[in-house]
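Single-structure report; data block below.
The values are calculated or read from the model by the stated rules, or taken from the named source; none is laboratory data. Every value quoted in this text rests on a predicted model; they were computed, and no experiment measured them. Virtual Cβ from ideal backbone geometry, glycine too; neighbours counted across all protein chains shown.
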Amino acid sequence: MNDYDPKDMEPKWQKIWEETKPYEAKGSDKPKYYALVEFPYPSGEGLHTGHVRSYTAMDIVARKRRREGFDVLYPIGWDAFGLPAENYAIKTGIHPSITTQKNIETYRKQLKALGIWFDWSREVDTTDPKYYKWTQWIFLKFLEHGLAYKAKTVVNWCPKDKIVLANEEVVSGKCERCGTEVEKREKEQWMLAITKYAERLDKDLDDVDYSERIKLQQRNWIGRSEGALIKFGEIEIFTTRPDTIFGATFVAIAPSVAKRLTGKDFGIVSDTDRENKEKLGVDTGLRVRNPATGEDVPVWVVNYVSADYGTGAIMAVPAHDVRDFEFAEKYGLQKKYVVIPRIPDLTNPHVPGKEIVFRNGVMAIVRNPKDGKIINLKWKKQPWTTFVMGGIEEDESPEVAARREIHEETGYKNLKFVRILGGPVQSEFFAAHKDLNRVAHTWQILFDLENDEKDEIGEEEKEMHDIVWVDVEELKSVRLSHAEAELVIDRLVNGEKPYTGEGILINSEKFNCLESADAKKKITDAVEGKWVTKYKLRDWIFSRQRYWGEPIPVIHCEKCGYVPVPEADLPVLLPEVAAYQPGPDGESPLANISEWVNTTCPKCGGSAKRETDVMPNWAGSSWYFLRYADPHNNTEFASKEALKHWMPVDWYNGGMEHTTLHLLYSRFWNKFLFDIGLVPQSEPYTRRTSHGLILAEGGEKMSKSKGNVVNPDTIVNQFGADTLRVYEMFMGPFDQAIAWSEASLVGPRRFLEKVWRLKEKINNKEIENKNAEILMHETVKKVSDDIESLAFNTAVSALMIWTNSLEKREAVSEEEFETLLKLLSPFAPHMTEELWENLGQKGSIHEEAWPAFDKAKLSKKETVIVIQVNGKVRASLTTPSDTTEVKLKEMALQSPGIQKWLEGRQIVKFIVIPNRVVNILTT
RNA sequence: GCCGGAGUGGCGGAAUGGUAGACGCGCACGACUCAAAAUCGUGUCUCGCAAGGGGUGGAGGUUCGAGUCCUCUCUCCGGCACCA
C-alpha cells in the first residue's frame, strides 16, 4: 500500500530530464522570463541547506513561468575565485583550479539530485579564462573611461604572514590565521570610481521592485546627505546643520588636513573606524573667522573627524552635536545655544484667535542639598503644580531673574548657583489666568539652598500657592504643568545632553525665530556657502595582493606609465606558480615570477612590468548575469541581440548579506556598461527578493566549526529530494531566518505519501459536489498567488488542506487529482512526474499548462455568519451567500441561543456586514 | 547611539479591522494488530463540573468590533556606526 519510494524514482526522472533537456532556454518567440539566483562559491563543504531554499524557490517560479507560456532562462554557474581554495593551495600546494573543479563537480551532482531545473548548457565559471577574459576586458573599459585609477589606501597587514588581509580575514583586530595583531599599511591600489554613480545608484532604486528592506539598506550604505560647504577663513567645512552656525565655537579638522595646512604633526591619529574611541584633540593655534558671527574661533586637530568624508573639517557646535559636546566638555570649550526645541503643550494648547504673547522666562529648580528635595509650587486657584518660574526683566540675566523669582515666591535668599540644566526651550501654551496664548523661551537653572534663612513673602504670593518639597523620584509622578517637564526632569537626573533636533533659532542675530529647516539655506546663502550633496559610499578598492583572482590587465612602463594590455592579448592568464605564498613585500604571489612580471611595453616597446595585483572576488559576479545571455561568445562578453532578448533579469533572489556589496557592485557595472552603450538597460534587475538564513537546530548559525551543518545529501537519501524541497518551502516565511528541524521533515514526507495514495481513489466521475469544486478552484488561486508573493509556506499548506479533504472522500475525480499534481509539481517534481506517467499521460507534467481557476466557481453558495451581541460572539449561522442585511437581521434574532442574551435589554443598533458578521448592540 | 524588522499554544507558524491559533510537528486517547511500526479517527491556548470568563510581550487609545490601526514602553534579531 505504502509504496512511495523516492530512492529509485528520483534518479530515474533526473536521468530522463538530463536527456530530454526540457529546461534549456530557447531564445524563441515566446515572451522571455529571466529568473536568477546567486551562483554559489563552490566550497569544499558542498551545497548547504540555504542554497536549497533559494534555488528551490526560484525553481518553482521558473517552472510555473514555463507553464504559463514563457521562454524561461534559469541559469547556474560558479563564482569560483576566492580565498578558501587559495589558502588550501598555500597549505597543500594543490593548484586552486584543481580544488575548484572538484568542488564544482560535487555541486553539480548535488544540484541535479535536487531536481532543480537549471539550464546546464549555459554554465559559467568565473575562473575559466574564457570567462575572465571578459572580466578583464570590462576592467579595461573602466580604465579607458577614467573610472579605474590608482590611489594610496590603508590596508590590513599581517606582519607575521607578510600578507595583506581582506576585511573578513581580520577578526577583532587580529589575523584570522595566526592571531597576530593586524597593522594598517599604506599601499597603492587600483580603485573603481563607484562614487561617480552614487547618485544614480540611490535615485534609480525608486524605479525597481526590490523589497523595502533591501532598498533601505542600500540607501543607508550609499548614505546620501545634503549640507553646506562653508568657509571659515582658509578652512572649508561641510555641515548638514548650517542653521547652528552661530553656535560654532571652534573648528575641528582631521590630522591629515592639519598636516597639510600647517605642515606640523600634532600627534593625533585619525581613528574614525573604531567604536567607543576616546576623543582626543590638540589646539593648532590657528584661528579662523566664523563667517556668521564674525568672531575668531580656534582650530583643533581631533581624532573624530575623518579626512575622507566631506572636507575633513567641521564646524563644531557643542550645544547641538553629541560628539562636539563630548569633546567640548572634555577640553572645556565654549558652548552656545542657538537652536531650541519647540514644545507645544498638548494638554493646554494655544486657543485660536487669542493674542499670542512672547516672553523670556526662567524656571528655577531649587534643591535642598541635605535631602535632595526640590521645591514645587502647588497653585491654589489653578489645578497646577510648577517649579518656581517667571519672566526675565529687561537688563536681567537668567540667573538674576531666577534669584529674584525664588525670593518673591518662596522667600529663600541664600542660594548657590549649581548649573544651567540645558539650553532653553520654546514652550507654547494657553495661559488661562491671563487669557492669552503664551510663547515662552525658558531657561532652567538649578540652585542649591545654602541655608534655611528666608524673608516673609507677600500676602498676594501666599494666596497663590503652597510650597511643597518633593524628591526626584516623586517628581516623575507629579503632574507638573510644564510642557517641557519631561525634558527638564531628564536633564536634572541624567545631566545635560545636547539638543540635536531641529527647532527655533535664538542667538542668531537676524535669523532669530526662524525654524531650522528654513534657516539652513538662508544662512548658507548669507555666509556665501554652497549647498551640496554628499555620500558615505567610498570608491571600490579593486586590488588584491593574491594569486587566485583575475590578473589586472595593466602593464607599468617607466616611460609610459600604466598601459592597458591590448585587447588582442586578453586574457592575461594566471601563470603557474611554484608556491602560493605572497611576495616579499606583501605583493601578490605573481610578483615572484619574474619571467611573467617582466614584459615589454605595448606602447613604446621598452621593458616594463606587469601589474601583479589581482581583482577582488566581487569582480566576476558583477557581470555574470550578462554572460548567461550569451555564455559561449568568443568575440564579445555577450552579444547585443542576446542581451536585448534576455535582459533585464525579471526576478533575482539572493541572500540579504549581498545587499550592500554584490548587489550594488553589479548595479554599478551594469550602469557603466549601459552608459557606454553595451547593455540595453540601466538597471539589471527588475525584481529582487531575499531569502532568510537557515539556522542550525538550536537557532545558531550553521558552521563547520560548530559541527551543526546539515548536509542536503543526507536528507535526500533519507527522505528524498521532493520531501526536502517541500519541507524547505513549508518551514516558515521565505524571507525570515528559521531554524532547521529534523523532526519536522516527516510532515512534508507524510503529505507526499498521502498524495501518492490518492491514486487508489481515482475514478472517472465528475467532481462530487459544488463544495469540492470550490475548494479546487480556491486552491488553484491560493497556490498561484502565493508563489508570486513568495508565500510558499501557505501555498504548501493550501495543498495539504485540499489533499486532506480529497483523502477523506470515497472517490476522487481525475480532474481533481490531475490539478493537484499540476499544482504540486513545481514543489515535488519527481513524484508528480511519476504519478502523471502512472495516469497514462503522454509527456511530462512539467510541460502541462499551469492550472487556471474560474472566478465564478470561487464564490461559495453558503457563508458562515457570526452573530455577536455587544461585540461578543454568541452564535454562528450558515446562510446562503449574499443574504441581504434585512434578512440577516431577522435570521440573527431568530437564531437559537441568541434570545437569552437579549432578554431584558433594548436593542440599540444592528451592525450588519454581509457575508461576515451581525453585531447586535443592546442597552 | 541611529535606521529597520519581529514578539501569537509545548514547537515551526496561519489569520483583506469581523469566530485567534489554519497547516505541520509533538503529545494524549481510540481503531486496526498476537504485538509493534505504519495508517486512520478523536482531542490538544487557559481558568471553570457547567453556564461562562480570560487570552496574541506590557500600558493606554481609536472602533460596534483590534493579533491587525494610533501613542508610549519592554525584549529579541538584522544593518550602519564619531558620516559632521
ask   = Among the strands (runs of 3 or more DSSP E) confined wholly to region A:460-574, which include 3 or more residues that are more than 30 Å from residue A:614 (Cα to Cα) and touching a residue at least 24 places away in the same chain (Cβ under 8 Å)?
value = A:465-470, A:530-534
request  = For residue A:625, indicate whether it is in contact (Cβ under 8 Å) with a residue 40 or more places away in the chain, aromatic (Phe, Trp, Tyr) and in a loop (DSSP other than H, G, I, E, B).
outcome  = no
ask   = Going by the structure shown, is residue A:210 of a type in the set (Phe, Trp, Tyr), within 15 Å of RNA strand B (Cβ to nearest atom) and under 20 Å from the mean Cα position of the chain (by Cα)?
value = yes
remark   = If we take region A:785-902, then helices (runs of 4 or more DSSP H) inside it with 2 or more residues that are under 22 Å from residue A:765 (Cβ atoms) and within 11 Å of RNA strand B (Cβ to nearest atom) are A:792-807
task = Can you tell me which residue within region A:517-549, out of those that are crowded, with 19+ Cβ neighbours inside 10 Å and hydroxyl-bearing (Ser, Thr, Tyr), is nearest to residue A:127 (Cα to Cα)?
result = A:547
task = Would you mind telling me which numbered condition in (1) out of contact with any strand residue (DSSP E or B) (no Cβ under 6 Å at 6 or more places or on another chain); (2) surrounded by fewer than 18 Cβ atoms within 10 Å (Cβ to Cβ) residue A:699 fails?
result = (1)
task = Considering only region A:320-369, state which residues are part of a loop (DSSP other than H, G, I, E, B) and polar (S, T, N, Q).
result = A:334, A:347, A:348
remark   = Per the filter on region A:781-812, residues crowded, with 19+ Cβ neighbours inside 10 Å and touching a strand residue (DSSP E or B) at 6+ places or on another chain (Cβ under 7 Å) are A:790, A:806, A:812
ask   = Can you tell me how many residues in region A:737-769 are over 18 Å from residue A:54 (Cβ atoms), in a loop (DSSP other than H, G, I, E, B) and either under 33 Å from the mean Cα position of the chain (by Cα) or hydroxyl-bearing (Ser, Thr, Tyr) (or both)?
value = 1
ask   = Mind checking whether some residue in region A:310-317 is at pLDDT 95 or above, within 16 Å of RNA strand B (Cβ to nearest atom), under 40 Å from the mean Cα position of the chain (by Cα) and part of a loop (DSSP other than H, G, I, E, B)?
value = yes
remark   = So, first residue crowded, with 20+ Cβ neighbours inside 10 Å in region A:578-597, second residue part of a loop (DSSP other than H, G, I, E, B) and basic (Lys, Arg), Cβ within less than 7 Å, six or more apart or across chains; the pairs are A:582/A:162; A:588/A:546
ask   = Any idea which of (1) crowded, with 16+ Cβ neighbours inside 10 Å; (2) under 41 Å from the mean Cα position of the chain (by Cα) is the one residue A:567 doesn't satisfy?
value = (1)
query = If you check residue A:254 against the conditions, is it of a type outside the set (Asp, Glu), in contact with a helix residue (DSSP H, G or I) (Cβ under 9 Å, 6 or more places away or on another chain) and closer than 28 Å to residue A:496 by Cα?
reply = no
query = Looking at region A:462-476, is at least one residue farther than 21 Å from residue A:400 by Cβ and among the aromatic types (Phe, Trp, Tyr)?
reply = yes
query = Out of all the residues in region A:644-659, is one or more part of a loop (DSSP other than H, G, I, E, B) and within 19 Å of the chain's Cα centre (by Cα)?
reply = yes
note = Screening A:439, A:425 for residues that are within 47 Å of the chain's Cα centre (by Cα) and closer than 25 Å to residue A:472 by Cβ leaves only A:425
remark   = residue A:757 meets each of (1) within 10 Å of RNA strand B (Cβ to nearest atom); (2) basic (Lys, Arg); (3) surrounded by 16 or more Cβ atoms within 10 Å (Cβ to Cβ) with one exception, condition (3)
remark   = The condition of being free of Cβ contacts under 8 Å to residues at least 40 places away in the same chain and near RNA strand B (Cβ under 9 Å from one of its atoms) holds, among A:295, A:278, only for A:278
key: Positions within region A:692-736 being without any contact (Cβ under 8 Å) to a residue 24 or more places away in the chain, on the phi < 0 side of the Ramachandran plot and in a loop (DSSP other than H, G, I, E, B), in sequence order   = A:700, A:701, A:703, A:705, A:706, A:708
query = So, of the residues in region A:435-459 that are surrounded by fewer than 14 Cβ atoms within 10 Å (Cβ to Cβ) and without any contact (Cβ under 8 Å) to a residue 60 or more places away in the chain, which turns out to be farthest from residue A:322 (Cα to Cα)?
reply = A:459
task = Examine region A:242-258 for a residue that is at pLDDT below 95, within 14 Å of RNA strand B (Cβ to nearest atom) and loosely packed, with under 14 Cβ neighbours inside 10 Å, and state whether such a residue exists.
result = no
inquiry  = Which count do you get for residues in region A:33-88 that are among the charged types (D, E, K, R), within 28 Å of the chain's Cα centre (by Cα) and either assigned to a strand (DSSP E or B) or over 21 Å from residue A:629 (Cα atoms) (or both)?
reply    = 1
